[in-house]
């Protein structure tokens, strides 16, 4: 059973995940009804038309969410938790000029002000189990005071978390000076050192508030549906199991028309190739202490920089937006955050570390943590592989650089352009049953899109 069925009248085909989710008309569409003859919404490439429509769609979505929140019930619950101290919430309404201060990741934040000056925030849609674990260790993150899921017994009307409001603003890395960046990276290295003290024995996500139990991955992209039930993947006992399961799910979704419907053969070849690379990106134990660590560690899933709160002196005041957090092998968990990557070179296929990554690795070395520094120095393969898995091929030029960089990094099919690689892959996987099925559906050549 697909995650969504096509919303076009009379159609019962599987909707394409992500690409088939139109935020403008709020519909899930199959590969056929995504075509312009049936779907007239502007494309993101046409920014002059698309951007105003997207802003209007965002306003509608958030206004609908705000209307679901029972403000008196939320205020009453917060006041009760603080022995009756009154609190208030400002008028809630969508305002694009302030969206960055009330939104983060997949969450919408509501500020509560108590009469004694204390401020909390209510996070609509979030990550209780991970935050409660972080309270137990020395990682700056919001304290959780209360939470509720969205159900008939929840008088607030939406799922929420009542949590501490941390000082500081979301980090804007591009605006920081080198000195300010180094200050942030030094503190971030300390946070990584702290996280390394708390290993887990499985790959997955924390799923029991107040406990350290690891369950399935809390990521929509890693879910499937069967007999009307959502099925998540994990937990896993090895990186090989995780990579194989997640890539096999993508291959299956391609065959079912739920992913990459506009470029199915290309996407299938890419992800079939990635399956073959699993042994190369999942190092086996060796004499190297860097590779002997078979534990797993908590990893933020969206570490591009705005998950860090900092004060005016660029001191970290908190790490937020942990909703998709998961445990990962040390080579991935302690690799340089995405926000430190040299974006231009990275997308051009260059595998040299950027200046910020080099500083980050040296900071670990100065702290006597050559093991963690090693994960940064040798981390480019992990970045490349993670980016290529499930990448949005609508950004085709960006993908080509990433994919070339990955092949160069693992020394497989080096130096081939896309057309050469595709021709080789079609021959290599010619006996693959899934590929044969796709080729029977699609007229294909050795050329790309």
Residues 362, 384, 272 in order from fewest to most other beta-carbon atoms within 10 Å are 362, 272, 384
In deg cm²/dmol, rounded to the nearest 500, the helical mean residue ellipticity at 222 nm of the chain, built from -39500 (n - 2.57) for every DSSP H run of length 4 or more, is -12000 deg cm²/dmol
A correct Stokes-Einstein calculation for the chain, using the alpha-carbon Kirkwood radius, 25 °C and 0.890 mPa s, returns a whole-number D in µm² s⁻¹ of 102 µm²/s
Taking only Cα atoms of the stretch 1-66, the Rg to Rh ratio with Kirkwood Rh works out at 1.00
Taking every C-alpha to C-alpha distance in the stretch 178-441 and binning by 5 Å from 0, the per-bin percentages run 1, 5, 12, 16, 18, 17, 14, 9, 5, 2, 1, 0, 0
Listed with the fewest Cβ neighbours within 10 Å leading, 270, 23, 66 appear as 23, 66, 270
Under a Gaussian network model of the chain whose springs join Cα atoms within less than 10 Å, the largest fluctuation of 35, 382, 83 belongs to 83
Taking 0.36 nm per residue of separation between residue 93 and residue 292 and subtracting their Cα-Cα distance, the length gained on full extension comes to 66.4 nm
Between the alpha carbon centres of the stretch 350-379 and the stretch 232-258 the gap in Å comes to 30 Å
The rounded separation in angstrom of the Cα centers of the stretch 194-211 and the stretch 1-79 is 34 Å
Expected unfolding gain across residue 366-residue 440 under the 0.36 nm per residue rule, minus the alpha-carbon gap, is 20.9 nm
Per-residue Cβ contact counts at 10 Å, fewest first, order 420, 9, 132 as 9, 420, 132
Full extension between residue 38 and residue 111 adds, at 0.36 nm per residue less the Cα distance, a length in nm of 22.1 nm
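Bear in mind these aren't lab numbers, they're just calculated from the coordinates by the rules spelled out. As the structure is a prediction and not an experimental result, all values here were calculated from the model. Here the Cβ is made from the backbone with ideal geometry for all residues, glycine too, and neighbour counts use every protein chain on show.
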